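One structure below.
The values are calculated or read from the model by the stated rules, or taken from the named source; none is laboratory data. All figures in this text were calculated on a predicted structure; none of them were measured in a lab. Cβ placement follows ideal geometry from the backbone for every residue including glycine, while neighbour counts extend to all protein chains displayed. These accessible areas exclude ligands, DNA and RNA; they are computed on the full protein's heavy atoms, side chains included. Shrake-Rupley method; radii C 1.70, N 1.55, O 1.52, S 1.80 Å.
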Amino acid sequence: VDSMRLFQEDFRLRNGVYASGTWNPDGGVTTLATNLGWQPDGADGSITYVVTNNAGVSWTVVATDSSGTSITRTYPN
């Protein structure tokens, strides 16, 4: 998620809002790669990420592993 933060800040500087999208390890939905230019690498590649734009002033990411365990973070916090 730390690398995603850098991509989000770059996106916001260029577009005025944070990006939203999804990255799914099965390749079915990868709008984060298209919308943000980001995709996980290494061990993070087995996690599903869902990012929402919160009225342009912040963004929330929900990361869910294959066992169904999720964490949610909002940035900037």
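Summary of computed values
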{"read-out": "Subset of segment 30-52 (residues that are surrounded by 14 or more Cβ atoms within 10 Å (Cβ to Cβ), at pLDDT below 95 and of a type outside the set (Ser, Thr, Tyr))", "value": "32, 33, 35, 36, 38, 39, 40, 44, 47"}
{"read-out": "Tally, over segment 13-33, of residues that are of a type in the set (D, E, K, R) and either touching a residue at least 12 places away in the same chain (Cβ under 8 Å) or at positive phi (or both)", "value": "0"}
{"read-out": "Those residues of segment 4-22 which are in a strand (DSSP E or B) and either open to solvent by 30 Å² or more (accessible area, probe 1.4 Å) or of a type in the set (Asp, Glu) (or both), in sequence order", "value": "22"}
{"read-out": "Filter result (over 20 Å from residue 71 (Cα atoms), among the aliphatic types (A, V, I, L, M) and touching a residue at least 12 places away in the same chain (Cβ under 8 Å)) within segment 34-56", "value": "36"}
{"read-out": "Some residue of segment 29-37 being under 14 Å from the mean Cα position of the chain (by Cα) and in a strand (DSSP E or B)", "value": "no"}
